[in-house]
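Read-outs: derived from the displayed coordinates by stated rules, not from any lab. This one's a predicted model, so the numbers in the text were calculated from it and none came from an experiment. Here Cβ is always computed from backbone atoms with ideal geometry, including for glycine, and neighbour counts include all displayed protein chains.
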Amino acid sequence: MTTSRRAYKVDAENPGSEVAAETAAAMAAASLVFRRAGDAHYAHLLLHHAQQLFEFADTYRGHYDASVEVVKNYYPSSSGYKDELLWAALWLHRATGRRDYLDYALANADDFGGTGWAVSEFSWDIKYAGLQVLASQLLVEEKEQHLRLSAEQRAVVEQLRSNAEYYVCSCMNRNPGGAKHNAGRTPAGLLFIRPWNNLQYASSAAFLLTVYSDVLASLRQPLRCGGGGTGEAGFAEADDVLAFAKAQADYILGTNPMRTSYLVGYGAAYPRRVHHRAASSASYRHDRDFIGCLQGFDSWYSARRENPHDLVGAVVGGPNAEDVFNDHRGAYMQTEACTYNTAPMVGVFSKLMQIEGQQPQRPPEADL
């Protein structure tokens, strides 16, 4: 591969609080996983670097797309960096148990938009819905007497939870105010936010709704929406929220008008022409001739034949607003594979597998 793959950096003179804080959040969350898996050394290493990155992101505040302007054409920061700072602080509190991270998040929740932003999407850019769901879990910790909140802090957490419920209700089309306050859907029921790589929003919604259903179950409280554009009731139980998340997962796995699984490698019908350079080019083991950039376009990108390699596990961009999918590399809005499409589904699948394991098993049929 001869295409330039230049690496960029942020530093004190050229800050990038979004990427530094997001990496801090990811490392803090990952440290919890490795700690529970018994790898204390690696968990400690992740947490140490997460704390360093958060301090850097907070001390040297600035937009990463102002420091690295080339990203504005691909990954612009529309929500700024304050959502990432709150997101990272809450994850660091979860991973360390340190009160100062919690105090930071709650003290800055208003100024940083956490209590003000009520949104209908969760993505690599806009973290507000995620941090609001994460903050809602603090109420579960308080109920189980693992955490003490002052009256002022509890009021902040309740406002964060209210915004989390706005997001969940928006996904389920139960917010009052019609389309302006509810996420769009395709005719077959898939959440639809934008034409380009829409499944990132559906998969992340499925994940957050799965998590929030556990919050509702733990608090033994219903979802409070106030009635939506469909005329549905203003309350929903935890099982209703989880069922909607499962429906989104089922759609992605093939329960859709195209009868196509948008998870590559799963099912009988899945995308065969994924917009992915390595998957769509010949293997070096079979063709050792040099393939230049133009030749790659002429011989592979524009060809109708299937990719020589299945990008197993990738979730592609998905169908358009009418549930129609064009399996062609040139239709990159639909066939491009992204890690942030697939990652949320891991959590959804884990929860659904857990539920499956809790279901009573059918007794074996007696031999006739």
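When Rg and the Kirkwood Rh are both derived from Cα coordinates, the Rg/Rh ratio for segment 66-173 amounts to 1.01. Based on DSSP H segments of at least four residues, each scored -39500 (n - 2.57), the chain has a per-residue ellipticity at 222 nm of -15000 deg cm²/dmol. Stretching A37 away from R98 to a fully extended chain increases their span by 19.8 nm, per 0.36 nm per residue minus the current alpha-carbon distance. Listed by Cβ neighbour count within 10 Å, with the fewest neighbours leading, Y332, Y166 appear as Y332, Y166. The Cα atoms of segment 15-64 give a gyration tensor whose axes a ≥ b ≥ c have a/c of 1.5 or more with a/b greater than b/c, which makes the shape prolate. Counted residue by residue at 0.36 nm each, then reduced by the alpha carbon distance between them, the extension gain from Q145 to D250 reaches 34.1 nm.
If Lys and Arg each add +1 and Asp and Glu each add -1, what is the summed charge of the other residues whose beta carbon sits under 10 Å from the beta carbon of N256?
-1
Here each label is just a point 7 Å from Cα along the line to Cβ, and for Q221 and A179 those points are 3.3 nm apart. When the Gaussian network model of the chain links Cα atoms closer than 10 Å, the mean-square fluctuations of E84, E121, E322 top out at E322. This structure gives semi-axes √(5λ) of the Cα gyration tensor in Å, computed directly, and of [x] 46, 28, 16; [y] 34, 29, 21; [z] 38, 31, 24 that value is listed as [y].
Placing R0 at 41 angstrom, the Cβ-Cβ distance between K72 and D289 gives a FRET efficiency of 0.65 after rounding to 0.05. Of the cross-linked pairs K72/K351; K9/K127; K127/K246, those separated by over 31 Å at the C-alpha level are K72/K351.
Taking every alpha-carbon pair under 8 Å whose residues sit at least 6 apart, the chain reaches a relative contact order of 12 percent.
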